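What follows is calculated from the coordinates using simple rules that are stated; it is not laboratory data. What you see is a predicted model, and the numbers here were worked out from it, not measured in a lab. Here Cβ is always computed from backbone atoms with ideal geometry, including for glycine, and neighbour counts include all displayed protein chains.
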Amino acid sequence: MKYLCFIFFLPCWLFGQSHIYFINSGVGIERINRDGTGRQTIIAWDNTTAQGIALDKVNQKLYWSDWVGDKIYRANLDGTAQEVVIATGLQLPEGLEIDPENEKIYWVDSGTKKIQRANFDGSEVEDLVTYELVNLDALALDIAGGKMYWTEWGDGAAIGKVSRAELDGTGQEELVMVPDGVLKGIGLDLAQGKMYWTDCTFGNVQRSDLNGGNVETIFSPGSGSPTALDLDLLNGKVYWADFNLNKLRKANLDGTNVEDVLIVELTSPQDIVLNINELEPVSNSYEQQWDKGFFPNPASGQLQIVGLASQSEVVVFDATGKIVLASVGPVLDLERLSPGIFFVKIKTEIGENFHFHFTKI
């Protein structure tokens, strides 16, 4: 069964243009359009030695860690209005994530061996997780579920792991263990109960259930070394940076249809984050608008999807690509959604792809 995109194709200016942000070692933080065009260096390497990047899509800000200057910065999405957020107390900061709802920054500090967080203004720095004899690289947050996930690889035991804990660092769990693995990037597909990660040692992109069950390798590029990873859940894609092959690549969430996004003038690409606000163009006849109807539109309390099977899984995204509702069957309860335009994806039993959007009032 596959995810079906049911959404009207609205003009890109309505939600802002889609971009891919990445760290190009020796050059800086760059961004490109989703199709690989419009390449720009928005933060030059002369100004910062970036190691981790994250997006605050609500406030339209880019955050990055500088692991030589031992600082965390932010700027507008085009690189303007740069400012220091965390100026002291850091030693080799790396991967970071943003919680815009609670105005928190989470990051990994490799020098002090901690996962930490602070307010958007840099105040109230908290130590959440302290670790030894391992290296942590990337974080992913499940704010609604109250969990944070991270990848690690060991100096001593040499076991790559995916672990998680409560957002305050309590209740730590080891979910996946890969002997000799060097696990790097991580992303969450909460609607499908899946987490994705990369393994540099074996060149794999893998996924499992959120509890670590049902591990599967969805792509193994052989000589490649996938590092950072991010998910485009709006279009059902996984993107990753390949450190050895010097490429940015993408595939379907099941690992099929692998494509090179960027292969020109890349030097050991590091972190990658996505700001995808649009559906990809329809590429086959099985993806189409849901033509049986849905009502009312605009809607306030409930939305009825005409002719949808009772066991069909439905996922609703807001304009930033964030999942805001997951449901089963033809009735969507919209009470918890704020007013705005929302996109819908359906997972049917026969694998057809459909799309539509609606307005909540």
Quick one: work out the % antiparallel among DSSP beta bridges in the chain, nearest 5.
95
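Please tell me the relative contact order of the chain in percent, rounded to the nearest whole number, where contacts are Cα pairs under 8 Å and at least six residues apart. Please list the in-between numbers first.
Numbers: 984 pairs, mean separation 57.3, N = 361.
Taking the mean separation of contacting Cα pairs over the length of the chain, I get 16 percent.
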Could you list ILE263, ILE341 so that the one with the fewest beta carbons within 10 Å of its beta carbon is first and the one with the most is last?
ILE263, ILE341
Compute the distance from the alpha-carbon center of region 229-267 to that of region 170-200, in whole Å.
18
Expressed as a whole percent, how much of the Cα-Cα distance distribution for the chain exceeds 37 Å?
17
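Going down the table (LYS113/LYS161; LYS322/LYS345; LYS57/LYS113; LYS57/LYS104; LYS104/LYS322; LYS114/LYS250), which pairs top 19 Å between alpha carbons? List each step's numbers first, then the result.
Values: LYS113/LYS161 16 Å; LYS322/LYS345 12 Å; LYS57/LYS113 28 Å; LYS57/LYS104 13 Å; LYS104/LYS322 17 Å; LYS114/LYS250 31 Å.
Cα-Cα > 19 Å for LYS57/LYS113; LYS114/LYS250; rest within.
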For region 134-194, compute Rh as the Kirkwood radius over C-alpha pairs and then the Stokes-Einstein diffusion coefficient at 25 °C and 0.890 mPa s; write the answer in µm²/s, rounded to an integer.
208
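From the P(r) of region 90-203, can you give the percent of Cα pairs sitting at distances over 22 Å? Don't jump to the answer; show the numbers that get you there.
Details: 1774 of 6441 pairs.
Summing the P(r) tail past 22 Å for region 90-203 gives 28 percent.
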For region 189-195, take each phi angle, set θ = phi - 60°, evaluate the Karplus expression 6.51 cos²θ - 1.76 cosθ + 1.60, and give the result in whole Hz per residue in order, putting x for glycine and proline.
10, 5, 5, 9, x, 10, 10
Going by how many other beta carbons lie within 10 Å of each one, how would you line up THR227, THR201, THR256, THR217, fewest first?
THR256, THR217, THR201, THR227
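Scale the Cα Rg of region 227-341 by the rule-of-thumb value 2.2 N^0.38 Å and send over the ratio, two decimals.
On the way: Rg = 17.8 Å, N = 115, 2.2 N^0.38 = 13.4 Å.
The reported ratio for this selection is 1.33.
Quote the relative contact order of region 22-130 in percent (integer), defining contacts as alpha-carbon pairs under 8 Å separated by 6+ residues.
Details: 249 pairs, mean separation 17.1, N = 109.
After rounding, I find 16 percent.
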Å³ per residue enclosed by the Cα convex hull of region 287-360:
79
Normalised radius of gyration for region 166-240, please: alpha carbon Rg relative to 2.2 N^0.38 Å, two decimal places.
1.11
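How high is the relative contact order of region 215-260, in percent, with contacts defined as C-alpha pairs under 8 Å that are six or more residues apart?
Values: 74 pairs, mean separation 14.2, N = 46.
Rounded, it is 31 percent for region 215-260.
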GNM flexibility winner over the chain from SER208, SER327, SER310 (Cα, springs under 10 Å):
SER310
